[in-house]
Structure formats: C-alpha cells, structure tokens
There are 2 protein chains.
Amino acid sequence: MTLLRENGGRATSTRRLLLTCLFEDASHHTADQLATKVQAINHDVSISTIYRNLYELERLGVVVHAHLGHGAAMYHLASDTHGHLVCEECGMTVEAPDKLFTGLTESVAHEFGFSIDPRHFAVLGRCARCSPNSVIHG
Amino acid sequence: MTLLRENGGRATSTRRLLLTCLFEDASHHTADQLATKVQAINHDVSISTIYRNLYELERLGVVVHAHLGHGAAMYHLASDTHGHLVCEECGMTVEAPDKLFTGLTESVAHEFGFSIDPRHFAVLGRCARCSPNSVIHG
DNA sequence: TTCGATGCAAATAGTTTGCATTCTA
DNA sequence: TAGAATGCAAACTATTTGCATCGAA
C-alpha cells in the first residue's frame with residue numbers, strides 16, 4: 001500500500017481487499033478467481049477493477065502473471081517467482097525451479113542471442129500420469 | 001485429400017483450396033491469414049469453415065498449430081515440426097531445432113516424470129535486438 | 001476539490017457452436 | 001439422397017476500454 005501511495009496511487013478498499021486475497025493464499029489465481037474472492041466480501045467490485053489493479057500491481061512489481069497453456073492467465077506474488085510445467089492433458093501444474101532452465105537458457109543465448117524468460121509462459125507437456133510411457137512407471 | 005476420403009471425409013473445394021494455401025507457403029499462418037488467402041479465390045468461405053477444416057486436418061496429422069505467445073495460434077504443415085523462440089518485445093520468431101530442448105527434456109523427465117512438448121507452446125524471451133544486454137553486441 | 005479509482009456496459013480478439021442449407025459421394 | 005460440409009450469426013472466454021460517477025488525499 002505504501003508502494004502504491006509512493007507512486008501516486010490511492011489506497012482504496014478494493015485494493016486492500018485484493019492484496020489481502022493475494023497474500024492469504026500465495027498460490028496461483030485467475031483474475032476471475034480473485035474477483036470472486038473479493039466479491040465475497042464486497043460484492044460490488046467489478047472484474048475490470050480487478051484487472052486494472054492487477055495491472056497496476058504488476059507494474060509496481062508486487063505481482064506477476066503467467067500463462068499456463070490455454071485459458072486465463074494466473075496471477076501470483078512476485079516474491080515467489082518460478083517457471084511452470086503444465087500437463088496438456090489433465091492441467092496439472094508443477095512449479096519448476098529456475099535452475100532447470102539454465103542449460104536451455106545458455107544454449108539459446110549462445111546460438112540465437114536470445115534471452116529466454118521461462119516464467120512468463122509455461123512449458124507444456126504430459127505429466128507422468130498422462131504420458132504415453134507412464135505404464136513403465138506403473 | 002486421399003487421407004480425408006479414407007477417413008470418411010469429403011473432398012470439397014474449400015478443403016482443396018486450404019491445402020493449396022498451406023503447401024504454397026509452408027511457413028506459419030493464423031487461421032485468419034489462411035481465411036484471407038482462401039477468400040481471395042473464393043470469397044464466400046467463412047472463418048468457421050477454416051477452423052473446422054484446420055481442426056480436421058490436425059486430427060489427421062496433416063497440420064499442427066502452435067501458440068506463439070499472446071494472440072492467435074499459428075498453423076503449419078505437420079511435416080515440418082519444430083519449437084519456437086518468440087521475442088516478447090518485437091514478436092520476432094525463431095524456429096528452434098528440437099535438439100535445443102533435449103537437455104531440458106531429459107532433466108524434466110528425470111526430476112518430474114514429465115515429458116515436455118516444446119512445439120505446442122513457444123518459449124518466450126527477448127531477441128538479441130530487444131534484450132537489455134544487447135548494447136554489448138552493438 | 002482535484003484527479004485517480006470505480007462500476008457498468010460495451011468493445012475486442014480468437015475461437016466455437018447452432019442451425020438451416022448446400023453439395024459430395 | 002443420406003449425411004458431411006458450409007455460411008451466417010450468435011455464443012463464448014479472457015481481457016480491455018469509454019464514460020459518467022465516486023471517493024481518497
């Protein structure tokens with residue numbers, strides 16, 4: 001909130017509520033899920049306000065969003081950034097430590113001068129359960 | 001077309017046209033771009049028919065689509081599959097050889113039992129030109 | 001008392017679907 | 001001529017925007 005005020009923003013009740021929801025459950029939420037949570041307390045909050053506040057909070061570095069395949073973007077606290085592995089079949093999501101991507105990051109940087117951001121878009125695939133080879137694992 | 005017929009499908013003029021467009025320029029196209037190309041010859045073709053045909057062709061293994069970040073999906077011939085590196089800033093796309101991902105694929109398989117598909121969703125980042133470090137390269 | 005924040009509705013992009021009609025096999 | 005394919009419009013999901021109003025500083 002201090003950060004908001006410092007940047008010329010205003011500490012409205014909706015913002016307070018949204019931040020509370022984000023801190024209460026630090027996992028991933030869609031804008032819609034957050035709206036529902038906020039609306040449970042103040043049911044006059046519109047989804048556009050949620051989007052506008054999420055945008056503002058992201059600009060201030062408080063939250064980040066990631067695209068986990070098809071469907072809505074997921075928002076979470078910026079303090080807890082990581083990549084994602086998402087199963088295209090069942091939707092299961094694994095938080096992937098950044099070091100998993102260091103190899104790829106380096107070779108892509110070398111070969112293409114490209115600096116990849118493994119956090120903004122998930123890496124899709126099949127989880128052990130849904131993979132065609134999963135039979136060998138039981 | 002033979003494949004279509006073999007699977008109980010019918011060889012309509014629109015399908016012929018769509019396939020021609022796909023083979024003529026084997027790069028990436030959005031459904032909308034394909035529709036425009038097809039409509040240049042037969043302007044009564046609707047976008048839904050394009051989507052339905054692309055879906056069918058994908059089911060038969062003739063085309064595949066990939067998500068290159070925000071925006072519309074890109075369709076291309078299945079004979080030419082590869083991953084993609086996409087610049088989040090300027091949108092530039094690099095076709096990434098599959099071998100680039102073998103390291104990541106293997107470690108993810110080991111650590112999470114996850115078999116990743118680097119082709120369906122692009123890997124996002126910044127190209128050399130748009131990267132904050134690009135100054136050192138000129 | 002100004003100017004940022006909000007609610008609401010409508011616009012947007014990309015894609016899918018319902019339904020009556022058309023055309024291939 | 002049966003049933004697949006199509007055109008059109010409308011629905012749909014996720015997100016953004018215009019605008020009048022409200023409220024924090």
| Can you pull out the residues in the range A:7-18 that are surrounded by fewer than 16 Cβ atoms within 10 Å (Cβ to Cβ) and of a type in the set (Ser, Thr, Tyr)? | A:12, A:13
| said: Could you check the range B:90-110 and list, in sequence order, the residues that are touching a residue at least 24 places away in the same chain (Cβ under 8 Å) and loosely packed, with under 14 Cβ neighbours inside 10 Å? | reply: B:90
| Selected residue (only one of A:60, A:100 is in contact with a helix residue (DSSP H, G or I) (Cβ under 9 Å, 6 or more places away or on another chain), more than 17 Å from residue B:85 (Cα to Cα) and outside the structural domain of residue A:6 (by TED's automatic domain parsing)) | A:100
| Looking at the range B:19-37, which of the residues that are surrounded by 17 or more Cβ atoms within 10 Å (Cβ to Cβ) and more than 14 Å from DNA strand C (Cβ to nearest atom) is farthest from residue B:66 (Cα to Cα)? | B:37
| message | Can you tell me which residue is nearest to the other protein chains (Cβ to nearest Cβ) among those in the range A:39-49 that are among the hydrophobic types (A, V, I, L, M, F, W, C) and near DNA strand C (Cβ under 9 Å from one of its atoms)? | response | A:47
| task | Take residue A:26 and decide whether it is over 15 Å from the mean Cα position of the chain (by Cα) and at negative phi. | result | no
| message | I'm trying to understand the selection: among the residues of the range B:50-82, which are within 11 Å of another protein chain (Cβ to nearest Cβ) and buried (at least 20 other Cβ atoms within 10 Å of the Cβ)? | response | B:66, B:68
| All but one of (1) touching a helix residue (DSSP H, G or I) at 6+ places or on another chain (Cβ under 7 Å); (2) modelled with pLDDT under 95 hold for residue A:38; which doesn't? | (2)
| query | In the range A:1-45, how many residues are in contact with a Phe, Trp or Tyr (Cβ under 6 Å, 6 or more places away or on another chain) and more than 9 Å from DNA strand D (Cβ to nearest atom)? | reply | 1
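The values are calculated or read from the model by the stated rules, or taken from the named source; none is laboratory data. If you're wondering where the values come from, they're calculated on a predicted model, not measured in any experiment. Here the Cβ is made from the backbone with ideal geometry for all residues, glycine too, and neighbour counts use every protein chain on show.
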